[in-house]
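Below you'll find the structure, written out as structure tokens, and then a few comments.
The values are calculated or read from the model by the stated rules, or taken from the named source; none is laboratory data. Not measured: the values here are computed from a predicted model. Please note: Cβ atoms are built from the backbone with ideal geometry, for glycine as well, and neighbour counts cover all protein chains shown. Each accessible area value is taken on the protein alone, full model and side chains, heavy atoms only, with ligands, DNA and RNA left out. Shrake-Rupley method; radii C 1.70, N 1.55, O 1.52, S 1.80 Å.
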Amino acid sequence: MCNKENRFHPYQADISQVELPARFTYPFCYKPHPLSVLAAEEVKEYLSKQTQWHDELAMGKMFGVLVVEDEQKQVGFIAAFSGILASSNNHPYFVPPVYDLLNPDGFFKPEEEAISNINRQIIHLENHPQYLLALNNLRQMSEECKHALTQERLKLKQAKVLRDERRQKGNLSVEEEAALIKESQFQKAEFKRIEKAWHQRMSQSQQAYDTYKHAIDELKQERRMRSSALQMRLFEQFVMLNYHGEEQNLCDIFADTVQLMPPAGAGECAAPKLLQYAYKQGWKPLAMAEFWWGNSPKSEIRHHGQYYPSCKGKCEPILKHMLKGLDVEPNPMIAQQQQSSGSLDVVYEDEWIAVINKPANLLSVPAKDEGESVYALAKKQFPQANGPLIVHRLDFATSGILVITKTKEAHKHLQEQFANRTIEKRYVALLKGRVAKESGVIDLPLSLNRLDRPHQMVDYEQGKQAITRYQVL
């Protein structure tokens, strides 16, 4: 049983023979420590028995465990979930949130209700019979005006054609030419009068519509301002600790990032919750792991029970602060990159391109604080190149052929070939487990996951079509 007051869970299994981790887990690329695995298995067993959460858990949620050492040097673990579970963010088995935004005595719920009330007012106005009537009248009047003026312009054009035909026949008297000019002037003036009359009618319909539209726009403006102010005030309440006991709120943490502002949900993921609670109790974090429970979301692939790294968009800036003071494992991607020979393996080269054999564990393009890349090596190896060099990429762990362009013209031509899909890519992969079919097609729209760079995600709204045909060898 866990201690409901401090949420500390002693291990049910015998861990006396398990060696403690030498360093804390690097959260963005790791293999779970055996103590993290044992803790996760106990949490999974607990979740499997919670029938009251069955439907929500089936939808999928990220959970985390943190192995800790308390003041008496007892080793146990604490657990957390990301976001909200069963309409609450505080359950006895799991650590509490950094800030309880669902607390009825706090500022968040009353202000959220005020914003919800504005939403209700907007919906009421947008569905008000008088507003809908005014909107319909304006649209109808606009169509009638457009049609009527189009017809009048057509009449003007046809009358001009007839006058031009008469002039082309020649032999017009001075009086006849004057009459044609007078006819043209009259018709243009008549068109102006008709146009003005329609605009006056349109103005009346517009005023009836604007009476409601201005009220709706003012409410939407108030909603935007109050929502923004509430979000900022909320982020200021998330005061994150690190191992040194130093505090920083989310606004300060994200001030030096590309985003500048914390994204929605920042501070509510499992990892920050776990570290915050451990620091407040005076416990030493030893290792951590996060796993997915339930069905995969539509936007990305998540497998039930499997371990995943912390997300970079929300958690990387936060954890960068919170891990200060801990002896953290080095980024294994950098450690693997340091084995690079420092030069590219060129398999073909001419004055326009170079074809290189990229080794595994080498980035195609530079990444912040993540070591060597093909681009950096190519800049050194081909100093005379004036093109952008990189025209396509291979993933960090993938080895294979990469084409480097030495000139701007070559880069432009190859870009067009990739865009037009006249270039075909072929991969060979070693898979773990069994493949259900001997061959098939994976056709999904993919886009950059901006909250977890450089990973891609399935995006049915803005993603680009990506087709992979596979054959089991």
- prompt: Expressed as a whole percentage, what fraction of the accessible surface of the chain belongs to carbon and sulfur atoms when a 1.4 Å probe is rolled over the protein heavy atoms?
  reply: 51
- request: Give the Rg/Rh ratio for the range 1-102, taking Rg as the radius of gyration of the Cα atoms and Rh as the Kirkwood radius, to two decimals.
  value: 0.96
message: Using a 1.4 Å probe on the protein heavy atoms only, what accessible surface does residue 301 show? Give it in Å² to the nearest 10.
response: 110
message: What is the sum of charges, Lys and Arg at +1 and Asp and Glu at -1, for the other residues whose Cβ falls under 14 Å from the Cβ of residue 171?
response: -1
Trypsin sites (Lys or Arg not before Pro) restricted to the range 269-314 and DSSP loop, no more than 14 other C-beta within 10 Å: 298
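Report D for the chain in µm² per second (integer): Stokes-Einstein, Kirkwood Rh on Cα pairs, 25 °C, 0.890 mPa s.
85
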- request: Report Rg (one decimal) and Dmax (nearest whole number) for the range 69-216, counting Cα atoms only, units Å.
  value: 34.8, 117
- prompt: Taking chymotrypsin sites (Phe, Trp or Tyr not before Pro) as exposed when DSSP calls them loop (any state but H, G, I, E, B) and at most 12 other Cβ atoms lie within 10 Å, what is the longest stretch of the chain free of them, the sites themselves excluded?
  reply: 1-426
- prompt: So how tilted is helix 270-281 from the main axis of the chain? Cα-based, degrees 0 to 90, rounded to 10.
  reply: 50
- prompt: Counting only the backbone N, which residues of the range 115-129 are under 20 Å from the spot 7 Å out from the Cα of residue 210 toward its beta-carbon?
  reply: 126
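Please work out how much length the chain gains when fully extended from residue 375 to residue 117, using 0.36 nm per residue of separation minus the C-alpha to C-alpha distance, in nm with one decimal.
Gain in length upon complete extension: 87.5 nm.
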- prompt: So what are the ³J(HN,Hα) numbers for the range 288-293, from phi and the Karplus equation (6.51, -1.76, 1.60; θ = phi - 60°), rounded to whole Hz, Gly and Pro as x?
  reply: 8, 7, 10, 9, 9, 10
Solvent-accessible ranking of 105, 345, 70, largest area first, probe 1.4 Å: 105, 345, 70
- request: Hey, can you find the accessible area per residue of the chain for me, probe 1.4 Å, expressed in square angstrom?
  value: 62
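Out of the range 52-120, which GluC sites (Glu not before Pro) are coil in DSSP terms and have no more than 14 other C-beta atoms within 10 Å?
When the GluC sites (Glu not before Pro) of the range 52-120 are filtered for loop state and at most 14 Cβ neighbours within 10 Å, 71 remain.
What's the Kirkwood radius of the range 361-473 in Å, using all Cα pairs?
Values: mean 1/r = 0.0606 Å⁻¹.
When all Cα pairs of the range 361-473 are included, the Kirkwood radius is 16.5 Å.
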statement: Cα pairs beyond 19 Å in the range 201-275, in percent, come to 55
- request: Could you work out the per residue convex hull volume over the alpha carbons of the range 176-245, in cubic angstrom?
  value: 111
- prompt: Expressed as an acute angle from 0 to 90° and rounded to the nearest 10, what is the orientation of the C-alpha long axis of helix 312-322 relative to the principal long axis of the chain?
  reply: 40
